[in-house]
Structures are given as C-alpha cells and as structure tokens.
2 protein chains.
Amino acid sequence: MILMSDVANKILLIVLDGASDRPVGGKTPLAVASKPNLDRLAYGGINGIMDTVGPGIRPGSDTSHLAILGYDPYKYYTGRGPFEAAGVGIDVKGGDIAFRVNFATVENGAVTDRRAGRISDTDELAKAINENVKVPDVEIIFKRSTGHRAALVLRGKGLSPDITDTDPKKEGLTIKECHATNDTPEAKRTADIVNSISKQVLEVLDKHPINVERKRQSLPPGNAILIRGAGEVPHIPPFSEKYGIRGAVIAAAGLIIGIGKMCGLEYLPVGSMEIEASGTSAIAKIKKAVEALDTYDFVLVNIKGADEAGHDGNFDRKTKFLEEADNAFKGLQNLKDVIIIVTADHSTPVPIKDHSADPVPILMHGPGVRMDDVAHYNDLIAYKGGLHRIRGMDVMPIALDLINKAKKFGA
Amino acid sequence: MILMSDVANKILLIVLDGASDRPVGGKTPLAVASKPNLDRLAYGGINGIMDTVGPGIRPGSDTSHLAILGYDPYKYYTGRGPFEAAGVGIDVKGGDIAFRVNFATVENGAVTDRRAGRISDTDELAKAINENVKVPDVEIIFKRSTGHRAALVLRGKGLSPDITDTDPKKEGLTIKECHATNDTPEAKRTADIVNSISKQVLEVLDKHPINVERKRQSLPPGNAILIRGAGEVPHIPPFSEKYGIRGAVIAAAGLIIGIGKMCGLEYLPVGSMEIEASGTSAIAKIKKAVEALDTYDFVLVNIKGADEAGHDGNFDRKTKFLEEADNAFKGLQNLKDVIIIVTADHSTPVPIKDHSADPVPILMHGPGVRMDDVAHYNDLIAYKGGLHRIRGMDVMPIALDLINKAKKFGA
C-alpha cells in the first residue's frame with residue numbers, strides 16, 4: 001500500500017552559499033567538517049555534482065541562483081545594475097533601467113576620491129537625492145547600500161540601457177559624460193537623463209549639511225555620484241506562473257532576497273536574525289523554512305557564512321561554520337512529504353578567496369528519491385552519486401518531477 | 001598556509017591523437033598497454049570521458065581540436081578547404097576562400113586519371129602555377145601537399161565560397177564547370193575565377209618539362225587540377241584575446257599546426273623531429289613543451305602515432321606506440337604549477353580503421369584538482385572518474401578556472 005507520506009509534495013531548497021571548495025593537501029572544509037545531520041541526508045538521499053551555470057563557468061551568486069531557480073542566466077541576467085538594485089531592496093520592475101552607484105568626492109570639477117573616503121552615513125544624502133533630483137516623465141529611485149555604494153533606478157517609457165558609465169575610473173579626472181552606445185532616441189534620451197542626474201546630484205549634495213560638516217572635519221564630502229553598470233531589469237516570468245506552485249525565499253543577503261523577489265518568491269524575514277557568520281542564523285532560517293512549508297510549496301533558503309569564510313581564505317572558520325550550520329539540519333530527514341535539496345551556488349575555495357567553477361555537491365532527499373551509495377555531503381565524493389553531473393537549470397525540473405508537478409511533454 | 005605550489009597558473013594540454021579505441025574481446029590498446037607514467041597522472045588527478053564534439057558525433061582531427069581549444073566547430077569549421085590549406089602551411093587569413101586540390105591528368109579534354117598516377121614530385125608544378133596563373137585583383141596562393149594533393153587559396157575582396165566543385169568524380173568526363181550556388185555577384189565572380197584558374201593551369205602545366213618527361217615515360221602527366229571543398233577561412237578570435245593568455249602549439253601534423261596557427265597559437269617546431277610513428281617524437285615534443293611553459297601560459301601538444309596505428313588497424317602497434325610514448329610523461333607529475341591535461345581528439349578504433357565517436361578518456365592533474373578513485377589512463381574505466389562525461393568545449397573553461405583565469409559571470 002502506498003502511504004501519502006510516500007509521495008512528496010513540497011520542495012525545500014537549501015543553498016549553502018559558497019560551501020564547496022577546491023582541495024588543498026587533499027582536504028576541503030566540507031570533507032573534514034563533522035556534520036552528522038547533513039551526512040544523514042546524503043546517506044538517505046541521492047547525490048551528485050552540479051555545474052550551476054555550466055562546466056568551467058565561474059558564477060556569481062546572482063547568475064547561479066537564477067539558474068538553480070530555473071531561470072536561464074544567459075537570458076535573464078542583464079548586468080550588475082538590476083541585480084544590485086534588487087539587492088539593496090528596490091522593488092525593481094521589468095523594464096526599469098538600473099545602475100550601480102558610488103558616492104564620490106568632486107573638488108573643482110575633478111573626482112578626488114572615487115569612494116568619498118568610504119563614506120557610510122549616506123541615509124540623508126540618499127533622501128536628499130530622492131526628494132530633489134527630478135527628470136520629466138521619469139521616476140527616479142535611489143537607495144543607499146553598504147558603505148559608499150548605492151543603486152539608482154530609472155522607471156518610465158522610452159528608456160534604454162545602451163549607455164556608457166560616468167565613472168572616470170581614476171582620481172583626478174572629471175566625471176565622464178554619459179553617451180549612448182547606439183543611435184536610438186531612447187539611448188540618447190537616457191544618456192541625457194543620466195548626465196542631468198549627475199549634475200543635479202552635485203548641486204544637491206555639495207551644500208548638504210552632512211557634506212558641509214565633513215568638509216569642516218577635513219573629510220572628503222560625498223557630494224557626487226558615479227553611475228555605472230546600466231542594465232534593463234529583465235521581465236522574469238513569476239515563479240507561480242512558471243511552475244504552478246507558491247514559493248518563498250529566506251535569506252539575509254540583499255542580492256539573494258532581490259533575486260527571489262524578482263522571480264516572484266515571497267520574502268520571509270527571519271525575526272531575530274543573527275549575524276550571518278555564525279551557524280545560529282542557519283538554525284533560525286531553516287526553522288522558519290519548515291514553518292513556511294505549511295503555507296508554501298517551495299522554500300529557498302540561502303545560508304551565507306561559508307561563502308564569507310571562503311572569501312577570507314579561512315579554512316578553519318569555513319569548517320567551523322559548516323559544523324555549526326549542520327545543527328540546523330537536525331531532524332529535517334523526518335519531514336514526511338518534502339523533497340529536501342542541499343547544494344551550493346558555487347565554490348568559494350579557501351586558496352582562491354573568490355568564486356570558482358569547481359562543481360558543487362548536491363543532495364536530494366525525500367519520498368521517491370533513489371538512494372545511492374554516497375553517505376556524506378562532501379565535495380570530494382559527491383561525484384560518485386546517482387545524480388552524476390547535472391546543471392543548475394536541471395534542479396527545478398527534477399524537483400518538480402519528484403513532487404509530481406512536472407508538465408508532461410508529449411502524450 | 002597556502003603555498004604558491006597549491007595554485008596552478010599554466011596549462012599543458014596533451015592530445016594523444018586517436019589513442020582511444022573500441023573494445024575487441026573486451027580489450028583496447030589503452031587498457032592493455034603498460035604505461036606507468038600516464039597511470040600515475042590519472043591516479044593523482046581527476047578523470048572522465050569526453051565527447052570532443054558531441055555524443056555520437058564522429059569528429060575529424062580538425063573539428064575536435066577546434067572544440068578542445070574552445071572554438072565551437074559548428075561555428076568555425078567552414079569546410080575542408082580552409083583547414084587543408086592551413087594544414088599544408090598556407091598562412092590563411094579570415095575571409096580567404098580556400099580549396100582542396102588534386103593534381104589530375106587531362107587528355108583530349110577528358111580527365112583520364114583523377115590523381116595523375118599518384119604523382120608526388122609536384123614542387124615545380126606548384127611553383128609554375130604560383131608564377132604564371134593570374135587573376136585580376138585576387139591573390140592566388142597554391143601549395144602542394146603530400147602525393148597528388150594540394151591546396152588553393154584565393155585572397156581578395158568580393159569573393160564567395162558558394163560555388164560548386166570542378167572534380168567530375170569519375171574518369172572519362174571533362175573537368176566540371178564551376179557554378180555559383182546562389183545569385184550573388186560574389187559567387188558568380190568566384191566561379192568565373194575558378195574556371196579561369198582551371199583553364200590557365202592546364203595551359204601552364206601541360207607543356208611543363210616535368211609533364212613532358214612523364215609523358216615520355218608513359219606516366220600520366222599532372223597537367224590539370226581538380227578543385228573542391230570551397231570554404232571561407234573563418235574569422236577566429238585569437239587565443240590570447242579570447243582567454244587573456246599566451247599559447248603555443250607543438251605538433252608534426254600539418255592540419256594541427258594549421259589549426260593552432262589559425263587560433264593564434266605560436267607554432268614551436270621540435271628541432272630533431274623523429275618519425276611520428278615512434279614514441280621518440282612524443283619525448284621530444286613533451287620536452288619542448290615543458291621548456292615552452294617558461295614562456296607560454298598554455299601549450300598544446302599533439303602526438304600522432306596512435307592514430308596512425310588505429311587507421312592501419314594494428315592493435316599491437318597502437319599498444320606499443322602508447323607504451324613508448326608513455327616514457328615522455330615521466331616526471332611530468334612533478335611540475336609544480338601546471339594543470340596537465342591528457343586526452344585524445346577522437347577514437348580511432350583498430351576494428352574500424354577510422355575515427356569513431358566513442359568518448360575519449362581525459363585526465364586533469366595539478367594543484368587544486370579534486371583527485372578521484374581512478375588510477376589508470378584507460379578508455380574502459382575513465383567513466384568512473386570525477387569529471388564524469390564532459391565535452392570538448394568544456395576543456396578550456398575548466399582549465400582556465402583551475403588556473404584562476406576564468407571570467408566571473410555575475411557578481
């Protein structure tokens with residue numbers, strides 16, 4: 001007799017950001033970490049390796065998450081601007097033109113500090129820009145990010161991303177004029193708008209009390225912005241329409257929250273968010289995710305700490321984080337009707353301190369999954385599992401099939 | 001602590017041309033050959049199988065080498081002509097129209113021998129063609145190859161590859177008129193040029209002293225050329241621009257040298273080239289390659305002997321060649337900062353005597369590579385390795401990632 005619990009109907013996708021590694025002396029953090037709960041999932045599931053974008057393609061967290069969610073990054077990734085803007089919390093819409101922005105210092109017409117002395121108290125400056133900088137028929141949305149960074153979105157008809165940056169890249173030069181990179185009136189108009197914004201911002205910010213005070217203290221004022229990475233926010237088919245299921249995202253990193261929202265996932269904040277570098281946040285997130293599975297068919301959880309330790313080149317901290325995060329997986333294997341997927345979005349090898357294209361280990365666990373011989377969640381042995389080598393774009397189709405929500409192709 | 005030797009920064013790609021096979025009685029030359037040095041690389045590296053062009057696609061050495069170098073053969077392989085011309089040593093340029101050519105015998109207007117009695121002393125005939133055959137505004141480059149074969153290149157503006165062959169395919173017929181296969185003036189003009197060349201060559205060669213002498217000896221004169229395989233030399237982005245690294249090619253086969261040059265690799269001749277069918281040439285080539293790694297970031301070595309034994313259907317000679325060539329790999333595993341890749345461009349199975357699409361074994365060895373359980377370089381067991389099944393086009397992205405020269409896609 002087939003019990004209801006023999007058939008899965010929900011998907012829990014947990015991304016251990018950057019957890020995968022490249023061996024040094026034959027070891028990786030995932031290979032040496034004590035992680036009984038993750039290993040239990042691997043033992044009871046099917047395992048493999050995955051190229052999130054493609055073999056040898058070194059992904060960002062943006063392109064890899066798009067791929068894992070089933071959105072071809074070669075189609076939907078339209079540049080840094082849109083994803084940065086989504087990442088800082090702007091509710092971008094398809095067709096918006098989005099940019100990355102630096103606060104900078106301009107003195108006597110020349111950029112004297114491209115980061116305005118790494119200014120960080122930019123809340124009021126951003127507010128001043130939003131209140132005072134105006135362009136006819138175009139909505140301007142400006143939002144600060146961490147440190148000297150910010151994002152800018154232009155919303156309106158007749159705009160184009162085919163324009164150049166204003167960042168001179170070197171100190172001592174003037175802010176570059178923005179130019180159209182093709183002959184369309186849209187590109188010409190957008191370049192004019194960007195130039196107008198550059199000029200207006202300088203007027204608004206130079207006399208702003210925060211900058212007056214910074215100058216008094218001999219600090220470089222944040223009186224200008226450098227605009228770059230123009231991209232059109234892609235028209236992404238919402239998750240619920242694409243797959244016919246309701247999804248949510250649980251993450252702390254703005255970029256992942258932004259991508260989740262762009263794909264139509266509901267963002268579920270975790271009440272008492274602990275610092276990302278500790279395993280505690282993993283426990284809170286996964287607890288929240290299990291609750292959310294009462295309401296949603298699909299929950300994406302992004303756990304960030306391993307990536308950060310990788311970027312810092314800290315093998316021991318990466319290992320320790322994974323051991324702490326492992327506690328979050330305790331008891332998950334008792335979920336009755338859920339396909340649990342654990343993977344990484346990319347490797348962030350300790351010796352490289354940046355993302356690499358080394359394939360990530362992936363496990364799938366739950367009713368109906370064909371168990372294999374792999375008994376550890378481990379980037380050095382995952383290749384022996386029953387999933388073989390798959391791609392990020394394969395995850396959602398396989399998961400949907402396991403919950404019997406895949407559309408039949410043919411009769 | 002991360003040592004410099006934990007990070008690779010060079011790539012040595014060794015292609016054992018045609019080394020892979022299809023089993024007869026459960027055995028292949030690679031499976032039975034004693035090759036301790038290759039096996040040591042396999043043991044210390046990661047292994048897999050590879051479809052150089054695609055599963056079931058039976059590749060030429062040209063298409064497979066293009067793919068392994070990361071140039072999509074479906075985009076860049078424009079026919080036999082351009083690659084033959086490059087292979088015989090013509091420095092072809094993007095846009096050239098290139099052809100394969102046979103010397104043939106024409107008597108009383110009919111082709112009486114399509115190979116001119118397999119004529120081989122064609123140096124002077126080629127010289128006579130280059131000196132005497134003229135077409136306005138078009139440079140004609142003619143070069144002999146082995147035996148009765150040669151290559152022809154037309155260089156100039158307003159030419160097209162969309163024309164028919166002149167080879168009647170059967171003896172007793174006249175040389176075929178070359179026709180345009182579309183309505184463009186370029187195709188029409190190029191067909192006229194080819195017809196003019198056919199006619200001029202007959203006039204120049206029929207009275208040439210070599211042919212006068214051949215007729216005296218009752219040998220078929222090489223007094224005509226049959227022109228076929230028209231193709232436009234592709235505009236191939238140079239290796240250094242595509243990847244940001246400097247590359248070199250070490251090979252004896254004209255075709256491989258030609259492809260290497262077309263891709264912007266520098267051709268490094270090996271001083272005392274031994275005959276290709278012995279393992280000695282492998283030793284000289286790999287020694288040269290190791291020296292070249294002081295100067296170049298990437299070195300492609302093509303070792304030809306196994307392919308020839310395969311084409312001859314000689315299992316024992318193929319095995320023996322591989323055993324001899326194995327000596328060339330001695331000590332390579334001590335290279336500190338080099339990703340060593342050993343593979344084949346295709347299988348040349350002894351029972352088939354021609355190329356087949358059976359996947360080839362591939363190993364990658366060096367700092368940062370995830371070692372797997374495979375301990376032999378062997379076409380029958382390579383599938384068990386950590387690379388699983390990749391494609392030729394994956395090789396360069398994976399290798400570039402391992403030397404940390406891959407561009408990040410996203411943030």
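Can you pull out every residue in the stretch A:1-54 that is within 21 Å of the chain's Cα centre (by Cα) and more than 20 Å from A:T348 (Cβ to Cβ)?
Selection gives A:I11, A:L12.
Considering (1) away from every other protein chain (no Cβ under 14 Å); (2) assigned to a loop (DSSP other than H, G, I, E, B); (3) farther than 16 Å from B:A33 by Cα, say which one B:L363 fails and leave the rest.
(2)
For the stretch B:16-53, what are the residues that are surrounded by 24 or more Cβ atoms within 10 Å (Cβ to Cβ) and under 16 Å from B:S356 (Cβ atoms)?
The answer is B:L16, B:D17, B:G18, B:A19, B:S20, B:D21, B:T28, B:P29, B:L30, B:M50, B:T52, B:V53.
Pull up the stretch A:26-51, narrow it to residues that are more than 10 Å from every other protein chain (Cβ to nearest Cβ) and polar (S, T, N, Q), then point me to the one that is farthest from A:G247 (Cα to Cα).
Among residues in the stretch A:26-51 that are more than 10 Å from every other protein chain (Cβ to nearest Cβ) and polar (S, T, N, Q), the one farthest from A:G247 (Cα to Cα) is A:S34.
Scanning the stretch B:77-126 for residues that are at positive phi and assigned to a loop (DSSP other than H, G, I, E, B), which turns out surrounded by the fewest Cβ atoms within 10 Å (Cβ to Cβ)?
Top of the filtered list is B:N108.
Looking only at the stretch A:338-352, how many residues end up being within 10 Å of another protein chain (Cβ to nearest Cβ) and part of a strand (DSSP E or B)?
Summing the residues that are within 10 Å of another protein chain (Cβ to nearest Cβ) and part of a strand (DSSP E or B) in the stretch A:338-352 gives 1.
Of all the residues that make up the stretch A:182-221, how many are farther than 18 Å from A:V135 by Cβ and touching a strand residue (DSSP E or B) at 6+ places or on another chain (Cβ under 6 Å)?
Number satisfying all stated conditions: 2.
Take the stretch A:59-72 and flag every residue that is within 11 Å of chain B (Cβ to nearest Cβ) and within 17 Å of A:S347 (Cβ to Cβ).
A:P59, A:G60, A:S61, A:D62, A:T63, A:S64, A:H65, A:A67
State all residues of the stretch A:36-66 that are of a type in the set (A, V, I, L, M), under 21 Å from B:R389 (Cα atoms), out of contact with any His (no Cβ under 9 Å at 6 or more places or on another chain) and not in a loop (DSSP other than H, G, I, E, B); if no residue qualifies, say none.
Hit for the stretch A:36-66 is A:M50, nothing else.
Mind counting the residues in the stretch A:135-159 that are within 24 Å of the chain's Cα centre (by Cα) and within 11 Å of A:I97 (Cβ to Cβ)?
6
Name the residues in the stretch B:367-411 that are among the basic types (K, R), touching a residue at least 60 places away in the same chain (Cβ under 8 Å), within 9 Å of chain A (Cβ to nearest Cβ) and not in a helix (DSSP H, G or I), would you?
Result: B:R370, B:R389, B:R391.
So, of the residues in the stretch A:139-156 that are crowded, with 17+ Cβ neighbours inside 10 Å and not in a strand (DSSP E or B), which turns out to be modelled with the highest pLDDT?
So the residue we want is A:G156.
Which residue pairs have Cβ atoms closer than 6 Å, lie 6 or more positions apart in sequence or on different chains, and pair a first residue in the stretch B:217-243 that is of a type in the set (F, W, Y) with a second residue that is not in a loop (DSSP other than H, G, I, E, B)?
Here the result reads B:F239/B:G247, each pair linking the stretch B:217-243 to a residue that is not in a loop (DSSP other than H, G, I, E, B).
May I ask you to verify whether A:G56 is among the small types (G, A, S), surrounded by fewer than 24 Cβ atoms within 10 Å (Cβ to Cβ) and facing another protein chain (nearest Cβ under 9 Å)?
In short, yes.
It is to be established whether one or more residues within the stretch B:212-229 are closer than 25 Å to B:D123 by Cα, aliphatic (A, V, I, L, M), assigned to a loop (DSSP other than H, G, I, E, B) and in contact with a Leu (Cβ under 8 Å, 6 or more places away or on another chain).
Residues of the stretch B:212-229 closer than 25 Å to B:D123 by Cα: B:212-229.
Next cut, aliphatic (A, V, I, L, M) only: B:212, B:219, B:224-227.
In the following step, the residues that additionally are assigned to a loop (DSSP other than H, G, I, E, B) were identified as B:219.
Cutting the leftovers down to in contact with a Leu (Cβ under 8 Å, 6 or more places away or on another chain) gives us none.
Among the residues of the stretch B:212-229, not one is closer than 25 Å to B:D123 by Cα, aliphatic (A, V, I, L, M), assigned to a loop (DSSP other than H, G, I, E, B) and in contact with a Leu (Cβ under 8 Å, 6 or more places away or on another chain), which makes the answer no.
Could you tell me whether A:D6 is at pLDDT below 95 and charged (D, E, K, R)?
Considered against the rule, which asks whether it is at pLDDT below 95 and charged (D, E, K, R), A:D6 comes out as yes.
Whether any residue in the stretch A:19-35 is farther than 23 Å from A:G392 by Cβ, in the same structural domain as A:L300 (by TED's automatic domain parsing) and assigned to a helix (DSSP H, G or I) is what I want to check.
Yes; the residues of the stretch A:19-35 include at least one that is farther than 23 Å from A:G392 by Cβ, in the same structural domain as A:L300 (by TED's automatic domain parsing) and assigned to a helix (DSSP H, G or I).
Within the stretch B:338-345, can one find any residue that is touching an Asp or Glu at 6+ places or on another chain (Cβ under 7 Å) and either closer than 26 Å to B:Y76 by Cβ or assigned by TED's automatic domain parsing to the domain that holds B:R40 (or both)?
Going through the stretch B:338-345, the residues touching an Asp or Glu at 6+ places or on another chain (Cβ under 7 Å) turn out to be B:344-345.
Now restrict to residues that are either closer than 26 Å to B:Y76 by Cβ or assigned by TED's automatic domain parsing to the domain that holds B:R40 (or both): B:344-345.
Within the stretch B:338-345 (the criterion being touching an Asp or Glu at 6+ places or on another chain (Cβ under 7 Å) and either closer than 26 Å to B:Y76 by Cβ or assigned by TED's automatic domain parsing to the domain that holds B:R40 (or both)), the answer is yes, since at least one residue qualifies.
The values are calculated or read from the model by the stated rules, or taken from the named source; none is laboratory data. Because the structure is a prediction, the values reported are computed rather than measured. No Cβ is skipped: glycine too gets one built from the backbone with ideal geometry, and neighbour counts run over all protein chains shown.
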